[in-house]
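J.: Have a look at this one.
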Ligand SMILES: [Cu+2]
């Protein structure tokens, strides 16, 4: 298994059965109805969690530790806690160069944190973006990073980027792991997909249950 396998957020939607299977390999979100079905499965959760996830004024920053010598980043590290189904301990803003890692405290669910830059002229809050324009959000820009965190493992897997946000602006943080997927099966599928969508069975992606947030990076 190669945990470094390419991982892209949109294919998880495809793999979850939320849309018709698309041709393998690319970051295409599938038919428009994908979002409708996705949100249909998670509408209540979205409504509830949008509040909880949006501006967490109780969030704390876990400071840190030196970054590896191989990275140019020199900022602090924020450890985000993944639970079913939310990101916790997430500050509302960080300085450029901050590194993110993910601590999955769930019992069985795999989680991930996909960071997607939000266009500068986009002013809607993350809850509204996810509800109304998830497909567009997922395909609007390549992820700045993707960190995968299997349950019960101390070290997350940085699948895309190095976990560092270097450019100021707003970022969407979403988890696209299909609900109920076996972590080992998912990682094996990701390793075998050669950069395409992991071919795994599962329920709606966790974002449909409210596993999303936004963060602002300041210069
Ligand atoms: Cu998740």
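J.: Using alpha carbons only, what's the Rg to Rh ratio of the range 100-141 with Rh from Kirkwood?
T.: With Rg and the Kirkwood Rh in hand, the quotient comes to 1.07.
J.: Which value results for Rg/Rh of the range 125-200 when Rg is the Cα radius of gyration and Rh the Kirkwood radius based on the inverse mean 1/r?
T.: On the Cα set of the range 125-200, Rg over Rh gives 0.97.
J.: Could you order peptides 80-87, 155-162, 142-149 by the average number of other Cβ atoms within 10 Å of their residues, highest first?
T.: Going by the mean number of other Cβ atoms within 10 Å, highest first, we get 142-149, 80-87, 155-162.
Readers should treat all values here as calculations from the given coordinates under stated rules, not as data from a laboratory. This structure is a prediction, so every number in the text was calculated from the model and none was measured. Cβ sites come from the backbone with ideal geometry, for glycine too, and all protein chains shown count toward neighbours.
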